[in-house]
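Remarks on the structure that follows.
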Amino acid sequence: MTMEEIISFVDGLDGVLTLRPAPGDGSPEISWGDAFFYYAPDGVVPTTTQPFATIVTKNCPGDEASRLDRADTFRLNIAAGKEEFIRWTGHAPRDPDTAEVDPSATDTLMAHPVYGAVGWLAVVNPGPGTDAAVRELLRGACHLARTRHERRAS
């Protein structure tokens, strides 16, 4: 899966707003080239919630383990929620991870190297081995974001 394929898939989900920071738009330089997915049926970036998924294209301070400084490397991050996190990792988000997963391994679904404790999953360069899981997880994360949005609106 390429970044563009993921972005196209997520853009096809109902109510999604995709942000793609770039030079000149007022966003911080560290976010240029990345993508942020929000549930925002009104087309306005929510100010009180985080994205339900992101694509990052470079190392960030304190988040270098995925080695995103390699050519043509990006990481898809998904706010999977507790149940899906447990389903895919075999442990609760706040429990220690006993599996020895290389955070730079490609096409491997794993706990996010920084935000795993809050239920985020990650995949560096998703491919054939994670394609179906990624699509399922993105649909589920969007659904969770929509549910939170509707709860706040009522």
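For the range 104-133, give me each residue that is surrounded by fewer than 15 Cβ atoms within 10 Å (Cβ to Cβ) and outside any helix (DSSP H, G or I).
Those that are surrounded by fewer than 15 Cβ atoms within 10 Å (Cβ to Cβ) and outside any helix (DSSP H, G or I): A105, G127, P128, G129.
Could you please tell me which pairs satisfy a Cβ distance under 6 Å, a separation of 6+ or placement on different chains, a first residue in the range 1-15 that is within 14 Å of A53 (Cα to Cα), and a second residue that is assigned to a helix (DSSP H, G or I) and open to solvent by less than 40 Å² (accessible area, probe 1.4 Å)?
Short answer, once both residue conditions are applied: V10/L138; L13/C142.
Restricting to the range 86-103, give me the number of residues that are closer than 17 Å to T54 by Cβ and not in a loop (DSSP other than H, G, I, E, B).
Of the residues in the range 86-103, 0 are closer than 17 Å to T54 by Cβ and not in a loop (DSSP other than H, G, I, E, B).
E136 is checked against (1) farther than 23 Å from Y38 by Cβ; (2) of a type outside the set (F, W, Y); (3) surrounded by fewer than 17 Cβ atoms within 10 Å (Cβ to Cβ) and fails just one. What number does that condition carry?
Failed condition: (1).
Name, by its number, the condition in (1) more than 27 Å from L17 (Cα to Cα); (2) touching a residue at least 40 places away in the same chain (Cβ under 8 Å); (3) open to solvent by less than 60 Å² (accessible area, probe 1.4 Å) that does not hold for A92.
Condition not satisfied by A92: (2).
Of the conditions (1) hydrophobic (A, V, I, L, M, F, W, C); (2) surrounded by 14 or more Cβ atoms within 10 Å (Cβ to Cβ); (3) touching a helix residue (DSSP H, G or I) at 6+ places or on another chain (Cβ under 8 Å); (4) over 23 Å from M1 (Cα atoms), A99 fails just one. Which one is it?
(2)
Of all the residues that make up the range 16-54, how many are under 19 Å from R152 (Cα atoms) and either acidic (D, E) or within 17 Å of the chain's Cα centre (by Cα) (or both)?
Number satisfying all stated conditions: 13.
For the range 1-85, please list each of the strands (runs of 3 or more DSSP E) lying entirely inside it that holds at least 1 residues being β-branched (V, I, T) and surrounded by 13 or more Cβ atoms within 10 Å (Cβ to Cβ).
Counting at least 1 such residues, we get 16-19, 53-56, 75-79.
Only residues that are without any contact (Cβ under 8 Å) to a residue 12 or more places away in the chain and not acidic (D, E): list them for the range 16-47, please.
A22, P23, G24, G26, S27, P28, S31, W32, T47
The values are calculated or read from the model by the stated rules, or taken from the named source; none is laboratory data. Predicted model only: the values in this text are computed from it and were never measured. Counting neighbours? That spans all protein chains shown, and the Cβs are built from the backbone with ideal geometry, glycine included. With ligands, DNA and RNA removed, areas are computed over all heavy atoms of the protein, side chains included. Shrake-Rupley method; radii C 1.70, N 1.55, O 1.52, S 1.80 Å.
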